[in-house]
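Heads up, the thing below is written out as structure tokens.
Readers should treat all values here as calculations from the given coordinates under stated rules, not as data from a laboratory. Here the structure is a predicted model, which means the values were calculated and not measured. FYI the Cβ positions are ideal-geometry reconstructions off the backbone, even for glycines, and counts take in every protein chain you see.
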Amino acid sequence: MEKVDIDVREQKLALETGEIAKQADGSVIAQYGDTVVLATAVSARKAREGLDFFPLTIDYQEKAYSAGKIPGGFLKREGRPSAKEILTSRLTDRPMRPLFPNDYKFETQGIITVLSYGEENVSDVLGITAMSAAFTVSDIPFDGPVAAVRVGRINGEFILNPDINEIESCDLSFVVAGTGNAVVMVEGEADEVPEDIVLGAIDYAHENIKRLVSLQNDLAQKAGKPKRSYVVPEKDNEFPEKVREAAFDRLKSACVVPGKLERQKVIDKLQSEIIEDLNMEGEDRSSEIAEIFHDFEREIVREMILNDRTRADGRKPDQIRDISCKIGFLPRAHGSALFERGETQAIVAATLGTSHDEQKIDSLDGESYKGFMLHYNFPPFSVGEVKPLRSPGRREIGHGALAEKSIKQVIPSNEDFPYTIRVVSDITESNGSSSMATVCGATLSLMDAGVPIKAPVAGIAMGLVQEGDSAVVLSDILGLEDHLGDMDFKVTGTEKGITAFQMDVKIAGISHEIMEKALSQAREGMLFILSKIKETIAEPRSELPDNAPRIYTMQVKKEKIRDIIGTGGKVIRGIIEETGCKIDINDDGVVNIASIDEESARMAKEIIKGIIEDAELGKIYLGKVKKVVDFGAFVEILPGTEGLLHISQIADKRIAKVTDEINEGDEVMVKVIEIDRAGKLKLSRKAAMHQETAAK
């Protein structure tokens, strides 16, 4: 067993190997405070035939016992991955994938298991570092190490790995991953923070990442295995040249056809012709020709960008595609938008609900409730494909989470706008950054619904083509440029600053200078897109749609909450049944009454006012006789508040029986003539009658 450690914020961060999971190709236990994760790496010894990609799978899983909890549900065991587990799996995969050899096609799996979950808020970033360490000490080819940290900012100061309590005070929270030389991934959110501060946060994170990379190298020196050798199928160097002679010039012309579908149609037709011609000479080499075509397409597109500063659709590097915005086109949705940028199109709808619609989150941190949700869907027809419809996959959950982070920063507080908000984005066409189209569409639909967001948010996807010292940053990238380029860099923000940030690269890393250039160019693009949004709707509508629930808020004394709820919820259920409203009361005495019908809400409000109102000495009330007894009657003057009307106080004259004057169910005017120390009321009908006569 070997172990290495360093101090991080006055706590030990330790990496250990050689004791647990020894049959895996590589395994590492990482511990920081009370957080402990196990990372294991295994790669097949035999390559799968016919693969044109690297089959890497990374899974992050949380065990309930790690936080001293028993899972909920009927089975009482861990089930399908939570959203956090899926997002963390993606977060780990992205910085690892570019660091494997391009010709390595052996099925590889990394698994991160949270064994102990502390309040350090590091299980995700610790898992990334541990996963890299497991690959580094294994015999699997891996051009690491890579490490990750979380960087926050409190009161203008950067802080490393803010804990659960500190993160609430941060105006910026990024997960940054990198090698010893460069940053390879960034993901996080910010509260409209300027670009220079974002750059500073990334630089600060990278300085600390270098220490964790060095720590992994120390562990590898002590316990690392020699990297395995593997056989790469030999390539026929003459055949690609034959394909080049037959197709390259024609493919060059095909690559500049403006439309995505038209361009692909021309390329596919050319490829079919070349396959037919060359296969006539002997063996079937269709798959090999298709791979060569892909390599040529990559070469052509990248050379156009680097040498001519021209893109496949004819745009310049910093040019944004045509934008179209439409709102309010779905009659029953509370807010709706159709956002179109080039060949990417999204229908985005906003729905307003009550606190009953909040999403309950059961995590290792405990139970919490989520009042703003953004869901993203990517049906196969959006790219002209036929596929079975499934539940949301990793990509859809990841894109939705990024868009949600982007918009969350401008959502009003529950005190200012006590609604649960759900936004759904259905992608109807896609050719480049549908997640950023979702952000723009969400802004439009929320303003259409009358949600008082702090400011409109726009998003843009940036790309990069780099060869040696030559690099070109691209604004508003096409799907083709994402696929053939070196970077996918998404930025969202308001006119004031950045709200979310995500960067992935396919090369060894991105320099500070390129990142600075990309952020500056992204800023220009975002401002342009924001201007288009504002041309459609400049600010949120002043009124909610007619079919949206109206929420009326009341503040009651805490001791009155039990009176409104009643024994076993009897009183509040009765109000709901009588008025048809939804009613929610929190522990602070805030009562939210929701109804589409204003009159029903007013009625519920009046009933609750009656329940919480205290009887006043000397005041006259219209009461209802609830019960008649020999010595008088009990009269309800306020909901749940009764007093005794003694037989001597019923009339001016002496009466033999109570029922000679009043009966159960009668409504009578009574005056409160006494409130004793126990709060019991004495009423007088006689005094009320005298006061009314005197008033006349």
The stretch 1-73 and the stretch 602-664: distance between their alpha carbon centers, rounded to Å: 72
Part-to-part distance (alpha-carbon centres) for the stretch 190-237 and the stretch 486-504, which is given in Å: 21
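Once you charge only the Cβ atoms, +1 for Lys and Arg and -1 for Asp and Glu, what is the size of the charge dipole of the stretch 550-612 about its Cα centre, to the nearest 20 debye? Mind showing how you got there, number by number?
Working: 11 positive and 11 negative charges, 37 e Å.
Its charge dipole is roughly 180 debye.
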Rounded to whole Hz, the Karplus (6.51, -1.76, 1.60) HN-Hα couplings of the stretch 654-662, x for glycine and proline: 6, 10, 7, 9, 4, 6, 5, 10, 9
Share of alpha-carbon pairs per 5 Å distance bin for the stretch 568-696, given as whole %: 2, 10, 18, 18, 15, 13, 11, 8, 5, 1, 0
Sequence-distant residues sharing a close amide H with Tyr376 (under 5 Å, placed H): Gly400, Ser425
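Provide the net charge surrounding Met131, with neighbours chosen by a C-beta distance below 12 Å and charges set as Lys +1, Arg +1, Asp -1, Glu -1. Let's see the in-between values first.
Values: positive: Arg94, Arg97; negative: Asp59, Asp93, Asp124.
Net charge around Met131: -1.
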For the stretch 238-308, the Rg and Dmax computed from alpha carbons only, in angstrom: 12.2, 39
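Placing unit charges on C-beta atoms (Lys and Arg positive, Asp and Glu negative, everything else neutral), compute the dipole magnitude of the stretch 620-695 about its Cα centre in debye, rounded to 20.
Values: 12 positive and 12 negative charges, 43 e Å.
Roughly 200 debye, rounded to the nearest 20.
Over the chain, what is the percentage of antiparallel beta bridges among all DSSP beta bridges, to the nearest 5? Let's see the in-between values first.
Working: 126 of 142 bridges.
The antiparallel proportion sits near 90 percent.
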Once the Cα gyration tensor of the stretch 2-223 is diagonalised, semi-axes √(5λ) in Å: 27, 22, 18
Rg/Rg_globular for the chain, with Rg_globular taken as 2.2 N^0.38 Å and Rg from C-alpha atoms: 1.27
Angle in degrees between helix 286-303 and the longest Cα principal axis of the chain, rounded to the nearest 10: 80
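What number comes out for the charge environment of Ile551, summing +1 per Lys or Arg and -1 per Asp or Glu over other residues with Cβ under 11 Å away? If you can, show how the numbers build up before the last one.
Working: positive: Arg550, Lys582; negative: Asp584.
Residues close to Ile551 contribute a combined charge of +1.
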Separation of the Asn181 and Tyr65 label points, Cα + 7 Å toward Cβ, nm: 4.3
Whole-Hz ³J(HN,Hα) from phi, Karplus 6.51 cos²θ - 1.76 cosθ + 1.60, for the stretch 486-492, glycine and proline x: 10, 8, 10, 10, 9, 10, 10
Calculated from backbone phi, Karplus (6.51, -1.76, 1.60) coupling profile of the stretch 59-67 in Hz, x at Gly/Pro: 10, 10, 9, 10, 8, 4, 4, 5, 10
Selected from Ile673, Ala656, Ala688, residue furthest toward positive end of dipole (the stretch 620-695; charges at beta carbon): Ile673
Debye-sum result for the stretch 620-695 in log10 I(q)/I(0), which assumes one identical scatterer on each alpha carbon, at q = 0.15 Å⁻¹: -0.44
Contact order relative to length of the chain, as percent, for alpha carbon pairs under 8 angstrom and 6 or more apart: 10
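In Å, what Kirkwood hydrodynamic radius results for the stretch 243-377 from the alpha-carbon pair distances? It would help to have the intermediate numbers written out before the result.
Values: mean 1/r = 0.0512 Å⁻¹.
This gives a value of 19.5 Å.
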Mean residue ellipticity (222 nm) of the chain, computed from DSSP H runs ≥ 4 via -39,500 (n - 2.57), nearest 500: -10000 deg cm²/dmol
Nonlocal amide H pairs with Ile596, under 5 Å, H built at 1.01 Å: Arg550
Nonlocal amide H pairs with Ala47, under 5 Å, H built at 1.01 Å: none
Net charge dipole size for the chain [Lys, Arg +1 and Asp, Glu -1 on Cβ; Debye, nearest 20]: 2360
All lysines inside 18 Å of Lys46 as judged from Cα atoms, apart from same-chain residues fewer than 8 positions distant: Lys105, Lys227
